[in-house]
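Here's the structure we're looking at; comments come further down.
The values are calculated or read from the model by the stated rules, or taken from the named source; none is laboratory data. Keep in mind the model is a prediction, meaning the values are calculated, not measured. All Cβ positions, even for glycine, are placed from backbone atoms using ideal geometry, and neighbour counts span all protein chains on display. Calculation scope for accessible area: heavy atoms of the full protein, side chains included, ligands and nucleic acids excluded. Shrake-Rupley method; radii C 1.70, N 1.55, O 1.52, S 1.80 Å.
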Amino acid sequence: MTLIEEPRPDNLVLSPVKQSGLAEQMKRGLDAPICLTWELTYACNLQCVHCLSSSGRRDPRELTTEECEAVIDELQRMQVFYINIGGGEPTIRKDFWHLVRYAVDHGVGVKFSTNGSGIDAEVAEQLAESDYVDVQISIDGADAETNDHVRGEGSFATAVQAMEHLQAAGFEGFKISVVMTRHNIPQVDEFKAMADHYGAQLRLTRFRPSGRGADSWEALHPTDQQQRELYHWLMDHPDVLTGDSFFHLSALGEALPGLNLCGAGRVVCLIDPVGDVYACPFVLHDEFLAGSVRDDGGFQKVWQESDLFTELREPQSAGACASCGHFDACQGGCMAAKFFTGIPLDGPDPECVLGHGEEAMDSVARAAVSKDHSRTTVVLGRKPVS
Amino acid sequence: MTAAAFDADRAYRLHEQVALRPEPFGALAYHYGNRRLNFLRAKELVTLVESLADHDSVQAAFDAARIDPRRWPSFERALASLAASDFLVPDAHDAHEGAAA
Ligand code: SF4
Ligand code: SF4
(Lines give C-alpha, C1' and ligand atoms only; values in the text may rest on other atoms or scores of the structure.)
(Ligands and ions follow the chains in the order given, each with its own letter.)
Protein backbone atom coordinates (compact mmCIF):
# COMPACT_ATOMS: atom_id res chain seq x y z
CA MET A 1 0.00 0.00 0.00
CA THR A 2 1.25 3.45 -0.76
CA LEU A 3 0.75 5.89 2.02
CA ILE A 4 0.53 8.92 -0.14
CA GLU A 5 -1.25 9.56 -3.35
CA GLU A 6 0.30 12.29 -5.37
CA PRO A 7 -2.38 13.82 -7.53
CA ARG A 8 -2.20 15.96 -10.58
CA PRO A 9 -2.21 19.42 -9.10
CA ASP A 10 -5.83 20.08 -9.88
CA ASN A 11 -9.18 20.22 -8.14
CA LEU A 12 -10.24 16.74 -7.38
CA VAL A 13 -7.52 15.05 -9.29
CA LEU A 14 -5.73 12.24 -7.63
CA SER A 15 -3.17 9.89 -8.97
CA PRO A 16 -4.35 6.63 -10.52
CA VAL A 17 -5.66 4.49 -7.75
CA LYS A 18 -4.88 0.99 -8.83
CA GLN A 19 -5.41 -0.60 -5.45
CA SER A 20 -8.81 1.08 -5.24
CA GLY A 21 -8.65 1.48 -1.44
CA LEU A 22 -8.63 5.22 -1.62
CA ALA A 23 -11.30 5.36 -4.29
CA GLU A 24 -13.53 3.27 -2.06
CA GLN A 25 -12.93 5.69 0.81
CA MET A 26 -13.83 8.60 -1.43
CA LYS A 27 -17.04 6.94 -2.52
CA ARG A 28 -18.17 6.85 1.08
CA GLY A 29 -17.62 10.58 1.26
CA LEU A 30 -15.32 12.86 3.21
CA ASP A 31 -15.97 15.00 6.27
CA ALA A 32 -15.72 18.05 4.02
CA PRO A 33 -15.54 18.45 0.27
CA ILE A 34 -12.18 18.57 -1.52
CA CYS A 35 -13.54 20.57 -4.35
CA LEU A 36 -16.26 23.07 -3.67
CA THR A 37 -17.56 25.27 -6.43
CA TRP A 38 -19.38 28.41 -5.44
CA GLU A 39 -21.23 30.35 -8.05
CA LEU A 40 -21.49 33.76 -6.47
CA THR A 41 -23.76 35.24 -9.08
CA TYR A 42 -25.47 34.27 -12.28
CA ALA A 43 -25.05 37.77 -13.61
CA CYS A 44 -22.79 37.76 -16.63
CA ASN A 45 -21.72 40.09 -19.39
CA LEU A 46 -21.50 37.20 -21.87
CA GLN A 47 -24.05 34.64 -23.04
CA CYS A 48 -22.06 31.53 -23.91
CA VAL A 49 -24.09 28.91 -25.70
CA HIS A 50 -22.75 26.09 -23.50
CA CYS A 51 -23.08 27.91 -20.18
CA LEU A 52 -23.71 25.23 -17.59
CA SER A 53 -25.71 27.56 -15.37
CA SER A 54 -27.70 29.35 -18.08
CA SER A 55 -26.30 32.58 -16.70
CA GLY A 56 -27.43 36.04 -17.62
CA ARG A 57 -29.29 37.96 -14.96
CA ARG A 58 -28.64 38.43 -11.32
CA ASP A 59 -31.04 36.67 -8.96
CA PRO A 60 -32.53 39.14 -6.47
CA ARG A 61 -32.35 36.50 -3.74
CA GLU A 62 -28.55 36.18 -3.99
CA LEU A 63 -26.72 35.61 -0.73
CA THR A 64 -25.79 38.90 0.91
CA THR A 65 -22.23 39.82 1.79
CA GLU A 66 -22.86 38.86 5.43
CA GLU A 67 -24.33 35.51 4.43
CA CYS A 68 -21.34 34.82 2.20
CA GLU A 69 -18.99 35.66 5.05
CA ALA A 70 -20.86 33.27 7.31
CA VAL A 71 -20.48 30.50 4.74
CA ILE A 72 -16.75 31.21 4.53
CA ASP A 73 -16.49 31.04 8.34
CA GLU A 74 -18.12 27.66 8.17
CA LEU A 75 -15.80 26.45 5.42
CA GLN A 76 -12.89 27.54 7.56
CA ARG A 77 -14.20 25.47 10.47
CA MET A 78 -14.61 22.48 8.18
CA GLN A 79 -11.10 23.03 6.82
CA VAL A 80 -12.11 23.32 3.23
CA PHE A 81 -8.74 24.21 1.73
CA TYR A 82 -9.98 26.25 -1.16
CA ILE A 83 -13.06 27.14 -3.14
CA ASN A 84 -13.59 27.49 -6.85
CA ILE A 85 -15.58 30.62 -7.47
CA GLY A 86 -17.47 30.82 -10.72
CA GLY A 87 -20.75 32.10 -12.05
CA GLY A 88 -21.87 33.95 -14.05
CA GLU A 89 -19.01 36.37 -14.10
CA PRO A 90 -18.10 36.56 -10.40
CA THR A 91 -16.12 39.77 -10.67
CA ILE A 92 -19.39 41.55 -11.46
CA ARG A 93 -20.46 41.23 -7.82
CA LYS A 94 -19.59 44.47 -6.06
CA ASP A 95 -18.29 42.64 -3.01
CA PHE A 96 -16.27 40.11 -5.04
CA TRP A 97 -12.79 41.35 -4.08
CA HIS A 98 -13.91 41.81 -0.50
CA LEU A 99 -15.09 38.19 -0.35
CA VAL A 100 -11.88 36.92 -1.92
CA ARG A 101 -9.87 38.77 0.70
CA TYR A 102 -12.19 37.58 3.44
CA ALA A 103 -11.74 33.96 2.37
CA VAL A 104 -7.97 34.22 2.13
CA ASP A 105 -7.77 35.91 5.54
CA HIS A 106 -9.73 32.96 6.92
CA GLY A 107 -7.43 30.34 5.49
CA VAL A 108 -9.68 29.40 2.59
CA GLY A 109 -7.83 29.63 -0.71
CA VAL A 110 -9.65 30.89 -3.78
CA LYS A 111 -9.52 29.95 -7.40
CA PHE A 112 -11.90 31.97 -9.48
CA SER A 113 -13.01 31.64 -13.08
CA THR A 114 -13.43 34.73 -15.15
CA ASN A 115 -13.88 35.66 -18.77
CA GLY A 116 -11.13 38.19 -18.13
CA SER A 117 -13.23 41.33 -18.01
CA GLY A 118 -12.43 41.97 -14.35
CA ILE A 119 -8.64 41.73 -14.71
CA ASP A 120 -6.88 44.98 -15.47
CA ALA A 121 -3.20 45.71 -14.83
CA GLU A 122 -3.79 46.78 -11.24
CA VAL A 123 -5.92 43.77 -10.31
CA ALA A 124 -3.36 41.48 -11.95
CA GLU A 125 -0.65 42.87 -9.72
CA GLN A 126 -2.66 42.37 -6.58
CA LEU A 127 -3.45 38.82 -7.61
CA ALA A 128 0.18 38.04 -8.34
CA GLU A 129 1.06 38.98 -4.78
CA SER A 130 -1.11 36.37 -3.12
CA ASP A 131 -0.24 32.68 -3.02
CA TYR A 132 -3.76 31.98 -1.88
CA VAL A 133 -5.54 33.20 -4.97
CA ASP A 134 -5.52 31.45 -8.31
CA VAL A 135 -7.14 32.67 -11.51
CA GLN A 136 -8.71 30.75 -14.32
CA ILE A 137 -9.41 32.45 -17.62
CA SER A 138 -12.06 30.69 -19.69
CA ILE A 139 -11.81 30.59 -23.45
CA ASP A 140 -13.41 28.37 -26.07
CA GLY A 141 -11.21 28.82 -29.08
CA ALA A 142 -7.53 29.41 -29.73
CA ASP A 143 -8.36 32.28 -32.05
CA ALA A 144 -10.92 35.07 -32.03
CA GLU A 145 -13.06 33.47 -34.68
CA THR A 146 -13.58 30.12 -32.98
CA ASN A 147 -13.85 31.68 -29.54
CA ASP A 148 -16.15 34.57 -30.28
CA HIS A 149 -18.49 32.32 -32.21
CA VAL A 150 -19.34 30.70 -28.88
CA ARG A 151 -18.67 33.45 -26.35
CA GLY A 152 -19.55 36.54 -28.32
CA GLU A 153 -17.80 39.30 -30.22
CA GLY A 154 -14.72 40.72 -28.50
CA SER A 155 -14.53 38.07 -25.78
CA PHE A 156 -11.28 36.60 -27.11
CA ALA A 157 -9.57 39.98 -27.00
CA THR A 158 -10.81 40.48 -23.44
CA ALA A 159 -9.39 37.13 -22.35
CA VAL A 160 -6.06 37.70 -24.06
CA GLN A 161 -5.73 41.09 -22.48
CA ALA A 162 -6.30 39.60 -19.04
CA MET A 163 -3.62 36.98 -19.76
CA GLU A 164 -1.20 39.69 -20.80
CA HIS A 165 -1.87 41.61 -17.59
CA LEU A 166 -1.31 38.50 -15.50
CA GLN A 167 1.89 37.67 -17.32
CA ALA A 168 3.17 41.23 -17.01
CA ALA A 169 2.42 41.14 -13.28
CA GLY A 170 4.47 37.95 -12.92
CA PHE A 171 1.53 35.70 -12.05
CA GLU A 172 2.91 32.30 -12.95
CA GLY A 173 0.79 29.24 -13.46
CA PHE A 174 -2.63 30.83 -13.75
CA LYS A 175 -5.08 28.56 -15.53
CA ILE A 176 -6.39 28.78 -19.06
CA SER A 177 -9.53 26.71 -19.11
CA VAL A 178 -11.25 25.30 -22.16
CA VAL A 179 -14.42 23.23 -22.44
CA MET A 180 -13.73 20.69 -25.18
CA THR A 181 -16.13 20.76 -28.12
CA ARG A 182 -16.22 19.49 -31.66
CA HIS A 183 -14.91 22.86 -32.86
CA ASN A 184 -11.96 23.33 -30.57
CA ILE A 185 -10.58 19.82 -30.07
CA PRO A 186 -8.56 20.26 -33.29
CA GLN A 187 -6.92 23.24 -31.55
CA VAL A 188 -5.52 21.49 -28.48
CA ASP A 189 -1.92 22.04 -29.55
CA GLU A 190 -2.59 25.72 -30.05
CA PHE A 191 -4.15 25.98 -26.59
CA LYS A 192 -1.08 24.32 -25.15
CA ALA A 193 1.23 26.71 -27.00
CA MET A 194 -0.83 29.61 -25.74
CA ALA A 195 -0.59 28.44 -22.14
CA ASP A 196 3.16 27.93 -22.49
CA HIS A 197 3.52 31.38 -24.00
CA TYR A 198 1.83 33.02 -21.00
CA GLY A 199 3.50 30.83 -18.39
CA ALA A 200 0.03 29.48 -17.62
CA GLN A 201 -1.31 25.99 -17.06
CA LEU A 202 -3.76 24.56 -19.53
CA ARG A 203 -6.93 23.01 -18.17
CA LEU A 204 -9.25 21.08 -20.46
CA THR A 205 -12.64 19.93 -19.27
CA ARG A 206 -15.48 17.91 -20.59
CA PHE A 207 -18.49 19.50 -22.26
CA ARG A 208 -21.56 18.26 -20.44
CA PRO A 209 -25.16 18.69 -21.49
CA SER A 210 -26.04 20.90 -18.49
CA GLY A 211 -27.63 24.33 -18.39
CA ARG A 212 -27.65 25.99 -21.80
CA GLY A 213 -25.27 23.22 -22.91
CA ALA A 214 -28.27 20.89 -23.02
CA ASP A 215 -29.54 22.60 -26.16
CA SER A 216 -26.24 22.70 -28.01
CA TRP A 217 -24.81 19.43 -26.77
CA GLU A 218 -25.86 17.32 -29.71
CA ALA A 219 -24.23 19.65 -32.17
CA LEU A 220 -21.11 20.46 -30.14
CA HIS A 221 -20.05 17.36 -28.24
CA PRO A 222 -16.92 15.62 -29.59
CA THR A 223 -17.17 12.88 -32.19
CA ASP A 224 -16.00 9.35 -31.37
CA GLN A 225 -12.85 9.93 -33.37
CA GLN A 226 -12.17 13.18 -31.50
CA GLN A 227 -12.66 11.45 -28.17
CA ARG A 228 -9.97 8.95 -29.11
CA GLU A 229 -7.61 11.69 -30.26
CA LEU A 230 -8.18 13.62 -27.07
CA TYR A 231 -7.53 10.55 -24.92
CA HIS A 232 -4.14 9.98 -26.55
CA TRP A 233 -3.31 13.65 -26.42
CA LEU A 234 -4.05 13.75 -22.69
CA MET A 235 -1.95 10.65 -22.13
CA ASP A 236 0.93 12.41 -23.91
CA HIS A 237 0.48 15.61 -21.89
CA PRO A 238 0.31 14.64 -18.22
CA ASP A 239 0.98 18.24 -17.20
CA VAL A 240 -2.33 19.38 -18.65
CA LEU A 241 -5.05 19.62 -16.01
CA THR A 242 -8.45 18.04 -16.54
CA GLY A 243 -10.29 18.24 -13.23
CA ASP A 244 -10.57 14.47 -13.62
CA SER A 245 -13.37 15.14 -16.06
CA PHE A 246 -12.55 12.67 -18.84
CA PHE A 247 -12.54 9.44 -16.89
CA HIS A 248 -15.10 7.92 -19.24
CA LEU A 249 -12.26 7.93 -21.81
CA SER A 250 -10.21 5.64 -19.59
CA ALA A 251 -12.18 2.80 -21.14
CA LEU A 252 -10.05 3.36 -24.24
CA GLY A 253 -6.96 1.87 -22.63
CA GLU A 254 -4.73 2.68 -19.72
CA ALA A 255 -6.58 4.82 -17.16
CA LEU A 256 -6.04 8.56 -17.26
CA PRO A 257 -4.48 9.95 -14.10
CA GLY A 258 -7.22 10.68 -11.61
CA LEU A 259 -9.58 9.09 -9.18
CA ASN A 260 -11.87 7.71 -11.86
CA LEU A 261 -15.11 8.13 -10.05
CA CYS A 262 -18.02 10.48 -9.99
CA GLY A 263 -17.30 12.78 -7.06
CA ALA A 264 -20.80 14.27 -6.87
CA GLY A 265 -21.83 14.66 -3.23
CA ARG A 266 -18.80 12.62 -2.17
CA VAL A 267 -15.84 14.93 -2.69
CA VAL A 268 -17.47 17.62 -4.83
CA CYS A 269 -20.45 19.92 -4.54
CA LEU A 270 -21.74 23.28 -5.63
CA ILE A 271 -23.24 26.25 -3.81
CA ASP A 272 -25.34 28.43 -6.08
CA PRO A 273 -25.91 32.20 -5.78
CA VAL A 274 -28.97 31.82 -3.54
CA GLY A 275 -27.19 29.31 -1.30
CA ASP A 276 -28.68 26.10 -2.66
CA VAL A 277 -26.30 23.15 -2.46
CA TYR A 278 -26.16 20.74 -5.39
CA ALA A 279 -24.23 17.49 -5.77
CA CYS A 280 -21.94 18.93 -8.44
CA PRO A 281 -21.71 21.98 -10.70
CA PHE A 282 -23.21 20.08 -13.61
CA VAL A 283 -26.42 18.86 -12.02
CA LEU A 284 -28.33 22.05 -11.34
CA HIS A 285 -31.65 20.31 -11.11
CA ASP A 286 -34.13 19.71 -8.28
CA GLU A 287 -33.24 16.04 -8.21
CA PHE A 288 -29.70 16.85 -7.13
CA LEU A 289 -30.52 19.64 -4.73
CA ALA A 290 -29.37 18.60 -1.25
CA GLY A 291 -30.40 21.65 0.77
CA SER A 292 -29.42 25.24 1.35
CA VAL A 293 -26.73 27.02 3.33
CA ARG A 294 -29.66 29.10 4.64
CA ASP A 295 -31.17 26.03 6.35
CA ASP A 296 -30.62 25.36 10.06
CA GLY A 297 -27.25 23.72 10.47
CA GLY A 298 -25.90 25.49 7.42
CA PHE A 299 -23.62 24.02 4.82
CA GLN A 300 -22.02 21.52 7.16
CA LYS A 301 -25.31 19.81 7.90
CA VAL A 302 -26.17 19.63 4.22
CA TRP A 303 -22.77 18.16 3.39
CA GLN A 304 -22.70 15.67 6.23
CA GLU A 305 -26.33 14.72 6.70
CA SER A 306 -28.54 15.51 3.73
CA ASP A 307 -30.56 12.59 2.38
CA LEU A 308 -29.29 13.13 -1.15
CA PHE A 309 -25.60 13.10 -0.27
CA THR A 310 -26.07 10.13 2.04
CA GLU A 311 -27.69 8.28 -0.82
CA LEU A 312 -24.94 9.21 -3.30
CA ARG A 313 -22.36 7.81 -0.89
CA GLU A 314 -24.01 4.43 -0.75
CA PRO A 315 -22.73 1.69 -3.06
CA GLN A 316 -24.18 2.29 -6.53
CA SER A 317 -25.27 -0.43 -8.88
CA ALA A 318 -23.28 -0.82 -12.08
CA GLY A 319 -26.55 -1.47 -13.89
CA ALA A 320 -26.20 -1.76 -17.64
CA CYS A 321 -22.41 -1.37 -17.36
CA ALA A 322 -22.01 -4.32 -14.97
CA SER A 323 -20.84 -6.67 -17.69
CA CYS A 324 -18.44 -4.16 -19.24
CA GLY A 325 -14.77 -5.00 -18.83
CA HIS A 326 -13.93 -1.29 -18.57
CA PHE A 327 -16.18 -0.54 -15.63
CA ASP A 328 -13.31 -0.20 -13.17
CA ALA A 329 -11.80 2.62 -15.18
CA CYS A 330 -14.93 4.25 -16.54
CA GLN A 331 -17.46 3.62 -13.76
CA GLY A 332 -20.24 4.19 -16.23
CA GLY A 333 -19.16 7.78 -16.75
CA CYS A 334 -20.77 11.04 -15.69
CA MET A 335 -24.05 11.15 -13.79
CA ALA A 336 -24.88 14.63 -15.10
CA ALA A 337 -24.27 13.65 -18.72
CA LYS A 338 -26.59 10.69 -18.32
CA PHE A 339 -29.27 12.63 -16.53
CA PHE A 340 -29.54 15.42 -19.07
CA THR A 341 -29.58 13.03 -22.00
CA GLY A 342 -32.34 11.00 -20.38
CA ILE A 343 -30.23 7.91 -19.72
CA PRO A 344 -30.90 6.12 -16.42
CA LEU A 345 -28.22 6.83 -13.81
CA ASP A 346 -27.09 3.22 -13.85
CA GLY A 347 -26.89 3.23 -17.66
CA PRO A 348 -23.86 3.96 -19.83
CA ASP A 349 -22.44 7.42 -20.36
CA PRO A 350 -23.93 9.11 -23.47
CA GLU A 351 -20.37 9.31 -24.80
CA CYS A 352 -19.51 5.72 -23.87
CA VAL A 353 -16.48 4.90 -26.01
CA LEU A 354 -18.00 1.54 -26.86
CA GLY A 355 -21.00 3.25 -28.39
CA HIS A 356 -23.52 2.06 -25.81
CA GLY A 357 -24.55 5.63 -25.06
CA GLU A 358 -26.05 6.09 -28.50
CA GLU A 359 -28.21 3.02 -28.07
CA ALA A 360 -29.28 4.11 -24.62
CA MET A 361 -30.25 7.56 -25.84
CA ASP A 362 -32.21 6.10 -28.71
CA SER A 363 -34.19 3.99 -26.35
CA VAL A 364 -35.30 6.73 -24.00
CA ALA A 365 -37.85 9.39 -24.57
CA ARG A 366 -35.66 12.47 -24.45
CA ALA A 367 -38.59 14.83 -24.54
CA ALA A 368 -39.62 14.04 -20.98
CA VAL A 369 -36.36 15.18 -19.51
CA SER A 370 -35.91 18.32 -21.56
CA LYS A 371 -39.38 19.43 -20.62
CA ASP A 372 -38.68 18.80 -16.98
CA HIS A 373 -35.38 20.64 -17.23
CA SER A 374 -36.83 23.85 -18.64
CA ARG A 375 -39.59 23.84 -16.07
CA THR A 376 -37.02 23.68 -13.33
CA THR A 377 -34.83 26.45 -14.66
CA VAL A 378 -37.88 28.69 -14.68
CA VAL A 379 -38.84 27.75 -11.15
CA LEU A 380 -35.34 28.52 -9.93
CA GLY A 381 -35.40 31.82 -11.77
CA ARG A 382 -32.17 30.95 -13.49
CA LYS A 383 -33.18 31.46 -17.05
CA PRO A 384 -32.86 35.03 -18.25
CA VAL A 385 -36.40 36.17 -18.91
CA SER A 386 -36.54 37.99 -22.19
CA MET B 1 12.90 18.31 -8.81
CA THR B 2 14.47 17.07 -5.64
CA ALA B 3 17.02 19.70 -4.83
CA ALA B 4 18.32 17.76 -1.87
CA ALA B 5 17.69 14.07 -1.26
CA PHE B 6 15.59 13.18 1.74
CA ASP B 7 17.82 12.32 4.67
CA ALA B 8 16.37 10.61 7.73
CA ASP B 9 19.27 11.84 9.83
CA ARG B 10 18.15 15.40 9.36
CA ALA B 11 15.29 17.35 10.88
CA TYR B 12 12.22 18.20 8.85
CA ARG B 13 8.98 20.00 9.48
CA LEU B 14 5.75 20.68 7.60
CA HIS B 15 5.99 23.58 5.18
CA GLU B 16 4.23 26.56 6.78
CA GLN B 17 1.82 26.75 3.83
CA VAL B 18 0.64 23.19 4.27
CA ALA B 19 -2.66 22.42 5.99
CA LEU B 20 -3.65 18.97 7.25
CA ARG B 21 -7.27 17.90 7.51
CA PRO B 22 -8.08 14.73 9.43
CA GLU B 23 -10.09 12.17 7.48
CA PRO B 24 -11.14 8.61 8.31
CA PHE B 25 -8.23 7.18 6.29
CA GLY B 26 -5.58 9.52 7.71
CA ALA B 27 -5.47 13.06 6.43
CA LEU B 28 -5.67 15.26 3.42
CA ALA B 29 -2.76 17.63 3.02
CA TYR B 30 -2.98 20.76 0.93
CA HIS B 31 -0.11 23.02 -0.02
CA TYR B 32 -1.26 26.58 -0.60
CA GLY B 33 2.01 27.46 -2.30
CA ASN B 34 2.09 24.90 -5.09
CA ARG B 35 -1.63 24.05 -4.82
CA ARG B 36 -1.05 20.36 -4.59
CA LEU B 37 -3.10 17.88 -2.70
CA ASN B 38 -1.70 14.80 -1.00
CA PHE B 39 -3.30 11.92 0.81
CA LEU B 40 -1.71 10.67 3.98
CA ARG B 41 -3.10 7.21 4.09
CA ALA B 42 -2.35 6.12 7.63
CA LYS B 43 -3.18 7.75 10.94
CA GLU B 44 0.32 6.91 12.24
CA LEU B 45 1.81 8.76 9.30
CA VAL B 46 -0.20 11.85 10.21
CA THR B 47 1.00 11.71 13.80
CA LEU B 48 4.55 11.19 12.64
CA VAL B 49 4.44 14.11 10.23
CA GLU B 50 3.00 16.38 12.89
CA SER B 51 5.69 15.38 15.36
CA LEU B 52 8.66 15.93 13.02
CA ALA B 53 9.21 19.51 14.13
CA ASP B 54 9.76 18.38 17.73
CA HIS B 55 12.70 16.19 16.86
CA ASP B 56 16.28 16.75 15.77
CA SER B 57 16.03 14.10 13.10
CA VAL B 58 13.44 12.04 11.31
CA GLN B 59 14.99 9.00 12.91
CA ALA B 60 14.37 10.42 16.37
CA ALA B 61 10.74 11.07 15.43
CA PHE B 62 10.43 7.44 14.33
CA ASP B 63 11.81 6.23 17.64
CA ALA B 64 9.47 8.45 19.62
CA ALA B 65 6.41 7.50 17.58
CA ARG B 66 6.91 3.81 18.40
CA ILE B 67 6.20 2.72 14.88
CA ASP B 68 7.02 -0.89 14.16
CA PRO B 69 10.49 -0.82 12.52
CA ARG B 70 9.20 -3.17 9.84
CA ARG B 71 6.99 -0.35 8.65
CA TRP B 72 9.76 2.25 8.62
CA PRO B 73 10.72 1.80 4.96
CA SER B 74 7.21 2.53 3.71
CA PHE B 75 6.87 5.50 6.06
CA GLU B 76 10.24 6.78 4.97
CA ARG B 77 9.22 6.55 1.32
CA ALA B 78 6.08 8.49 2.16
CA LEU B 79 8.07 11.20 3.91
CA ALA B 80 10.54 11.38 1.03
CA SER B 81 7.70 11.86 -1.40
CA LEU B 82 6.23 14.60 0.79
CA ALA B 83 9.62 16.28 0.88
CA ALA B 84 9.96 15.98 -2.89
CA SER B 85 6.74 17.93 -3.39
CA ASP B 86 7.81 20.50 -0.83
CA PHE B 87 5.25 19.49 1.81
CA LEU B 88 8.12 18.79 4.19
CA VAL B 89 11.12 21.07 4.40
CA PRO B 90 14.42 20.69 6.25
CA ASP B 91 14.07 22.29 9.65
CA ALA B 92 16.24 25.10 10.91
CA HIS B 93 17.20 23.35 14.12
CA ASP B 94 18.84 20.69 12.00
CA ALA B 95 22.29 19.92 13.35
CA HIS B 96 23.66 19.94 9.81
CA GLU B 97 24.08 23.22 7.99
CA GLY B 98 22.39 24.36 4.79
CA ALA B 99 18.82 24.08 3.59
CA ALA B 100 17.38 22.69 0.43
CA ALA B 101 16.97 25.18 -2.37
S1 SF4 C 1 -21.97 14.15 -12.21
FE2 SF4 C 1 -20.40 14.20 -13.81
S3 SF4 C 1 -19.47 16.21 -13.58
FE4 SF4 C 1 -20.57 15.79 -11.69
S5 SF4 C 1 -19.05 14.89 -10.32
FE6 SF4 C 1 -20.13 13.21 -11.36
S7 SF4 C 1 -18.84 12.76 -13.11
FE8 SF4 C 1 -18.22 14.76 -12.40
S1 SF4 D 1 -20.39 0.26 -21.13
FE2 SF4 D 1 -20.43 1.60 -19.33
S3 SF4 D 1 -18.52 1.13 -18.19
FE4 SF4 D 1 -18.31 0.30 -20.28
S5 SF4 D 1 -17.24 1.89 -21.40
FE6 SF4 D 1 -19.45 2.19 -21.74
S7 SF4 D 1 -20.07 3.65 -20.14
FE8 SF4 D 1 -18.07 2.83 -19.56
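Sorting A:38, B:72 on solvent-accessible area from highest to lowest, probe radius 1.4 Å, gives B:72, A:38.
Ranking B:54, A:73, A:239, A:140 from most to least accessible surface, computed with a 1.4 Å probe over the protein chains only, gives B:54, A:239, A:73, A:140. Spacing of the modelled spin labels on residue A:197 and residue A:294, each 7 Å from Cα toward Cβ, amounts to 4.6 nm. Testing the spin-label approximation: label points 7 Å from Cα along Cα→Cβ at residue A:182 and residue A:73. State their distance in nm. According to this spin-label approximation, the distance is 5.1 nm.
One chain, two ends: residue A:28 and residue A:172. Fully extended at 0.36 nm per residue, the span grows by 48.2 nm beyond their Cα-Cα distance. Computed extension length for residue A:125-residue A:328: 68.6 nm, one decimal, from 0.36 nm per residue of separation with the Cα-Cα distance subtracted. Contact order, relative form, for chain A: 19 percent (alpha carbon pairs under 8 Å, 6 or more residues apart, mean separation divided by residue count). Taking N as the residue count of the protein assembly as shown, its C-alpha radius of gyration divided by 2.2 N^0.38 Å amounts to 0.97. Each label was represented as a point 7 Å from its Cα along the Cα-to-Cβ direction; for residue A:149 and residue B:84 these points are 4.3 nm apart.
Sorted largest first by accessible area at a 1.4 angstrom probe radius, with every protein chain in place, the residues B:51, A:323 fall in the order A:323, B:51.
Residue A:306 sits among other residues whose Cβ lies under 11 Å from its own Cβ, and their net charge, with Lys and Arg +1 and Asp and Glu -1, is -2.
Over chain A, DSSP H runs of length four or greater, each weighted -39,500 (n - 2.57), average out per residue to a 222 nm ellipticity of -10000 deg cm²/dmol.
Peptide B:18-28 is shielded by partner chain Cβ atoms: per residue, an average of 4 of them sit within 10 Å of its Cβ. Among rounded, prolate and oblate, which fits the range A:299-365 when a ≥ b ≥ c are the square roots of the eigenvalues of its C-alpha gyration tensor, a/c under 1.5 means rounded, and a/b larger than b/c means prolate? It comes out prolate by the Cα gyration axes.
Temperature 25 °C, viscosity 0.890 mPa s: under these conditions the Stokes-Einstein estimate for the range B:12-87, based on its Kirkwood radius over C-alpha pairs, is 197 µm² per second. Other residues with beta-carbon under 15 Å from the beta-carbon of residue A:188 carry, at +1 per Lys or Arg and -1 per Asp or Glu, a net charge of -3. Per residue, the accessible area of chain A comes to 40 Å², computed with a 1.4 Å probe over protein heavy atoms only. The distance separating the Cα centre of the range A:202-248 from that of the range B:47-69 comes to 45 Å.
Other residues with beta-carbon under 13 Å from the beta-carbon of residue A:126 carry, at +1 per Lys or Arg and -1 per Asp or Glu, a net charge of -4.
Residues of the range B:26-41 falling in the label zone of residue B:50, defined by backbone nitrogen less than 17 Å from a point 7 Å along Cα to beta-carbon, are B:26-30, B:39-41.
The mean count of C-beta atoms from other chains within 10 Å of the C-beta of residues in A:79-86, rounded to a whole number, is 3.
Our summary gives chain B a relative contact order of 37 percent, counting only alpha carbon pairs under 8 angstrom and 6 or more residues apart.
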